[in-house]
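**Q** Before I ask anything, let me first share the structure, which is written out below as structure tokens.
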Amino acid sequence: MVRDIMTRQAILARPEDSLLHVAEQILSMGQSTVPVVDASNRLVGIITDLDILHRALPRYLDMLEDVSFLPPDFEGLDLAEACNLAEVAVREVMRTENLHTVEEDAPLAEAALLMLRHRVRTLPVVRDGVVVGLVSRRELLHRIIQTCCEPS
């Protein structure tokens, strides 16, 4: 069951939180996907470390095919967006469509199928619509290795 491997101490964000606050939590907890919840802890969006990177880095980097001509450590780049992360609310960046969740009582195969089908790394785990944790591909892989590859 998903509840057997899920992370219960997951970071949750609110739409009004700043991107800087969420980025700092991501860095301290090592969690790359953060469910965004309302006051009742019901899922209203998802934000990832990649979403924050997209907002923080200069927009033109997305369009470049080759970055070999750029300085190696962001020197000389206009990082004004990164410096303003404290002023940007999560609601401005979070994804609100195609949100996939899994119930805590669901079999692990269901979580794996959702991740494969929708190409997501992490799923919010819900109980009666309330986010109670996260399950990641890493946790699923760990369980597969434990089950299949360790001597009994």
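The values are calculated or read from the model by the stated rules, or taken from the named source; none is laboratory data. Just so it is clear, the model here is predicted, and its values are computed rather than measured. All Cβ positions, glycine included, derive from the backbone under ideal geometry; neighbour counts span all protein chains shown.
**Q** Got a number for residues in the stretch 114-144 being surrounded by 12 or more Cβ atoms within 10 Å (Cβ to Cβ) and part of a loop (DSSP other than H, G, I, E, B)?
**A** 2
**Q** Between 106, 111, 82, which is surrounded by 17 or more Cβ atoms within 10 Å (Cβ to Cβ), assigned to a loop (DSSP other than H, G, I, E, B) and either aliphatic (A, V, I, L, M) or at pLDDT 85 or above (or both)?
**A** Numbers: 111 fails: assigned to a loop (DSSP other than H, G, I, E, B); 82 fails: assigned to a loop (DSSP other than H, G, I, E, B).
Step by step, each of 106, 111, 82 is checked, and only 106 is surrounded by 17 or more Cβ atoms within 10 Å (Cβ to Cβ), assigned to a loop (DSSP other than H, G, I, E, B) and either aliphatic (A, V, I, L, M) or at pLDDT 85 or above (or both).
**Q** Could you grab me the full set of residues in the stretch 27-43 that are surrounded by 20 or more Cβ atoms within 10 Å (Cβ to Cβ) and either of a type in the set (Val, Ile, Thr) or more than 9 Å from the chain's Cα centre (by Cα) (or both)?
**A** Matches in the stretch 27-43: 33, 34, 36.
**Q** Then there's this: So, in the stretch 8-24, how many residues would count as being closer than 23 Å to residue 140 by Cα and within 13 Å of the chain's Cα centre (by Cα)? Break it down stepwise before answering.
**A** Keep residues of the stretch 8-24 that are closer than 23 Å to residue 140 by Cα, which gives 8-12.
Adding the requirement that they be within 13 Å of the chain's Cα centre (by Cα) leaves 10-12.
Total meeting the criteria: 3.
**Q** If you go through the stretch 1-20 one residue at a time, how many are in contact with a strand residue (DSSP E or B) (Cβ under 8 Å, 6 or more places away or on another chain), farther than 11 Å from residue 52 by Cβ and in a helix (DSSP H, G or I)?
**A** 2
**Q** Quick check, is residue 74 among the aromatic types (Phe, Trp, Tyr), on the phi > 0 side of the Ramachandran plot and modelled with pLDDT under 75? First the steps, then the outcome.
**A** Values: among the aromatic types (Phe, Trp, Tyr): yes; on the phi > 0 side of the Ramachandran plot: yes; modelled with pLDDT under 75: yes.
Yes: the conditions hold for residue 74.
**Q** Here are some conditions: (1) surrounded by 15 or more Cβ atoms within 10 Å (Cβ to Cβ); (2) basic (Lys, Arg); (3) modelled with pLDDT under 90. Residue 59 meets all but one. Which one does it not meet?
**A** (1)
**Q** Pairs please, first residue from the stretch 2-15 and closer than 16 Å to residue 108 by Cβ, second anywhere and of a type in the set (A, V, I, L, M) and assigned to a helix (DSSP H, G or I), Cβ atoms under 9 Å, 6+ apart in sequence or on different chains.
**A** Listed by first residue and then by second, the contacts come to 2/108; 2/111; 4/108; 5/108; 5/111; 5/140; 6/111.
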